[in-house]
Amino acid sequence: MADWEYAPAPESRAIGRLRESYGMFVDGEFSGGDGGTLKTVNPADEEVLAEVAVAGEADVDRAVAAARRAYETTWGPMPGRDRAKYLFRIARIVQERSRELAVLETLDNGKPIKESRDVDVPLAAAHFFYHAGWADKLAYAIPGRPDPRPLGVAGQVIPWNFPLLMAAWKLAPALAAGNTVVLKPAETTPLTALVLAEICQQADLPPGVVNVLPGAGATGAALVRHPGIDKVAFTGSTEVGREIQRTLAGTGKRLTLELGGKAANVIFDDAPLDQAVEGIVNGIFFNQGHVCCAGSRLLVQESVYDEVIAKLQRRLGTLRMGDPLDKNTDLGAINSAEQLARVRELSDIGEAEGAHRWSPACPIPERGYWFPPTVFTDVTQSSRIARDEVFGPVLAVLTFRTPAEAVEKANNTPYGLSAGVWTEKGSRILWMSRQLRAGVVWSNTFNKFDPTSPFGGYKESGFGREGGRQGLEAYLDV
Amino acid sequence: MSERLGVRKTYKLYIGGAFPRSESGRSYEVSTVDGRFLANAAQASRKDVRDAVVAARKAQPGWAKATAYNRGQVLYRVAEMLEGRRDQFVAELGDSGAADPESEVDGAIDRWVWYAGWADKVTAVLGAVNPVAGPYFDFSLPEPTGVVGVIAPQRSALLGLVSVVAPVIATGNTCVVVAATDRPLPAITLAEVLATSDLPGGVVNLLTGSAAELAPWLAAHADVNALDLAGVEPEAAVDLERAAAQTVKRVLPAPAAEPDWTADPGTSRLSRFLELKTVWHPMGV
């Protein structure tokens with residue numbers, strides 16, 4: 001194994017402009033919350049980064065009232081072309097402050113700086129830029145609906161894996177369609193959403209249009225069941241998604257859910273194997289595997305199994321795990337102690353159920369939450385690591401002989417968020433992409449995202465789309 | 001000369017293309033609004049719901065794989081068959097208390113024609129090619145959700161029923177339909193139309209009986225992907241929606257009151273039971 005020495009190349013922490021404390025954002029102003037405070041931690045070294053106000057029930061009331069007021073008095077009546085200009089402004093300011101946002105994201109989340117810098121932040125800006133243009137063109141969005149109306153106040157709850165990007169995915173279409181928003185970022189990653197709130201201030205967005213309420217599950221639950229909300233959008237686990245769907249039963253409120261996944265990444269024997277191995281690595285180790293659409297089940301055609309595993313192991317030996325702020329780092333920290341415990345537990349179960357566990361020799365930092373890239377072979381379909389969403393850098397490898405068997409195994413899950421196909425044969429790609437029951441199919445690529453491209457799940461991975469013309473429908477009364 | 005004694009029809013269920021009685025052996029009396037006996041309809045059970053879901057699941061891949069042109073022709077064939085049985089439906093709707101049976105039958109026939117024409121247009125109208133910022137060909141197309149459980153409208157026994165069933169199957173879904181509890185006979189006669197319209201068995205499965213008894217089994221069934229609660233009272237819908245959440249079903253909620261089925265149907269029922277799939281592929285030489 002090549003031992004590649006790199007000089008450390010850390011991005012400066014000061015660029016993140018980290019503050020000691022952050023307020024919640026309601027009606028255009030930052031303030032303390034009636035739910036106390038929480039401490040957000042850098043998962044790479046377990047140091048407390050900042051103290052953040054926690055929104056309680058009264059704060060949720062206040063935020064929903066502010067959002068309603070803004071919907072009725074400013075944002076709702078505003079011409080679409082002006083809403084568009086506000087969103088373009090936000091896109092531009094995100095670009096202007098991109099380096100700061102990238103560093104802050106990496107500190108709060110643990111993901112490598114090269115990912116926050118090259119993926120999360122640019123895509124967040126792109127989402128605002130794309131949706132800005134829709135604000136005055138809604139008459140063209142939904143066929144047969146020349147005059148679609150917004151829904152009102154949207155309550156949005158987002159996860160910790162792409163904190164800023166998920167905020168952008170939620171805010172941009174909601175605002176473009178003319179809704180106002182109360183957003184709850186994840187408990188462990190509230191910081192960039194609060195900087196985004198500050199960006200809304202810099203853009204002179206009218207007060208109340210965007211409100212950001214940090215907090216844990218209780219804050220989210222209070223928001224979701226609040227009678228003043230017209231629409232709920234949630235990204236997170238299937239378990240919580242179900243609970244939200246139950247909570248909203250019979251209310252007639254609109255709901256979109258982007259939930260868990262257990263994507264199959266299918267490698268045929270005619271695939272360009274070196275590219276496929278890059279795709280496998282990107283599929284499951286991008287963002288430490290904290291990706292709902294991660295390619296966590298690798299399905300390899302038997303005839304190339306040995307070759308693929310050998311290439312994969314060799315490639316994993318070159319991955320660099322460590323300081324997320326270092327520009328050479330490939331694999332950052334697991335986001336929280338709780339998540340690390342879950343990844344460990346499921347991996348132990350995988351081993352106990354008879355699968356063979358492998359990780360490259362990989363120094364693990366002394367402090368922080370770390371888990372090495374891990375590959376399980378000899379996995380049966382019934383094993384927990386082949387069925388449950390691990391949401392960590394853990395790959396389960398299975399094999400197949402025929403395309404029909406690949407389809408059968410790939411679809412053998414209650415989830416249906418994404419899938420990957422690797423083959424040089426065009427007709428097989430189109431056939432496979434038709435057979436796979438998943439909302440996104442990446443063929444000869446993986447984990448690509450774009451605001452123009454609708455994203456969302458089949459089956460228990462949720463319903464509704466984000467991105468594209470079709471994503472706007474989630475925020476329009478049609 | 002004595003008047004000829006008529007041959008009455010036994011009204012049964014419609015599952016997997018066949019007309020079985022309820023496995024429970026139960027039946028219930030169906031009468032006109034003024035109390036005249038019409039028939040003993042089959043009273044479907046939980047087991048019938050399960051059998052119907054099995055039939056719908058079995059039929060789904062084949063129906064989805066049929067070309068859109070073919071599905072459109074089959075739906076149009078349903079309109080043709082319905083037209084040929086116009087008098088029978090007018091009489092049955094009259095018995096079930098319809099205000100204007102003739103225009104209801106007209107409306108039902110025309111609705112099949114409307115949705116027949118949609119079968120091969122949905123993909124172009126609701127799909128897209130997406131201009132992503134990179135060297136990828138990226139497109140999105142709608143696909144059927146799968147097996148849909150439908151609680152048919154309680155008042156409009158034919159037009160209402162057709163208005164909820166046709167958009168579900170036009171796009172390649174299959175369904176299990178619980179007919180109007182007190183007006184089940186036009187539904188079973190419609191099943192006879194479907195059975196003679198080249199519609200593969202299992203695409204539409206029709207149950208008669210108590211919607212209140214059957215709907216919870218359908219809502220909780222893990223192999224049902226979506227629910228249309230058109231014929232459910234809003235109060236009763238809460239528990240059904242809750243049960244549906246267990247497997248994250250797509251739910252078209254119960255209306256506050258039964259809608260005017262003669263209104264322009266639009267595309268909202270079509271798009272409700274579709275999933276959007278996005279496919280990426282790199283471009284290069």
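None of the figures in this text is laboratory data; all of them are computed from the coordinates on show. Computed from a predicted structure; not experimentally measured. Don't worry about glycine lacking a Cβ; one is built from the backbone with ideal geometry, like all the others, and counts go over all protein chains shown.
With the cut-off at under 18 Å, measuring from each backbone N in the stretch A:443-478 to a point 7 Å along the Cα-to-Cβ line of A:Tyr140 picks out A:451-454, A:467-473. Only helices enter this figure: runs of n ≥ 4 DSSP H residues, each worth -39500 (n - 2.57), summed and divided by the residues of chain B, yield -13000 deg cm²/dmol at 222 nm to the nearest 500. In plain terms, the residue of B:Asp34, A:Asp61 with the fewest other Cβ atoms within 10 Å comes first and the most crowded comes last, giving B:Asp34, A:Asp61. Calculate the FRET efficiency for A:Glu51 and B:Asp264 from the Cβ-Cβ distance with a Förster distance of 51 Å, rounded to the nearest 0.05. It comes to 0.35. Could you tell me the calculated FRET efficiency between B:Glu23 and B:Thr196, based on Cβ-Cβ distance and R0 = 25 angstrom, to the nearest 0.05? Efficiency, rounded to the nearest 0.05: 0.50.
Relative to the current alpha-carbon distance between B:Thr10 and B:Asp100, full extension at 0.36 nm per residue lengthens the span by 29.8 nm. Full extension of the segment from B:Thr67 to B:Ala133, taken as 0.36 nm per residue of separation minus the current Cα-Cα distance, would add 20.5 nm. Taken about its Cα centre, the stretch A:264-443 carries a charge dipole of roughly 320 debye when the Cβ of each Lys and Arg holds +1 and the Cβ of each Asp and Glu holds -1. Note on A:450-458: average number of Cβ atoms from other chains within 10 Å of each residue's Cβ is 6. Other residues lying with their Cβ under 13 Å from the Cβ of A:Pro373 contribute a combined charge of +3, Lys and Arg counting +1, Asp and Glu -1. Each of B:Lys277, B:Lys121 has some number of other Cβ atoms within 10 Å of its Cβ, and from fewest to most they run B:Lys121, B:Lys277.
Considering the zone a paramagnetic label at A:Glu424 would reach in this model (a point 7 Å from Cα along the Cα-to-Cβ line), which residues of the stretch A:288-319 have amide N under 18 Å from it? Backbone N within reach: A:301-305, A:307-308. Label-to-label distance for B:Val285 and A:Thr37 is 6.2 nm, based on points extended 7 Å past Cα in the beta-carbon direction.
DSSP assigns beta bridges within the stretch A:264-443; of those with both partners inside it, close to 10 percent run antiparallel.
Per residue, chain A reaches -10500 deg cm²/dmol at 222 nm when only DSSP H runs of four or more residues are counted, each adding -39500 (n - 2.57). Counting neighbouring beta carbons within 10 Å and listing from fewest to most, the residues A:Ile229, A:Ile15, A:Ile90 come out as A:Ile15, A:Ile229, A:Ile90.
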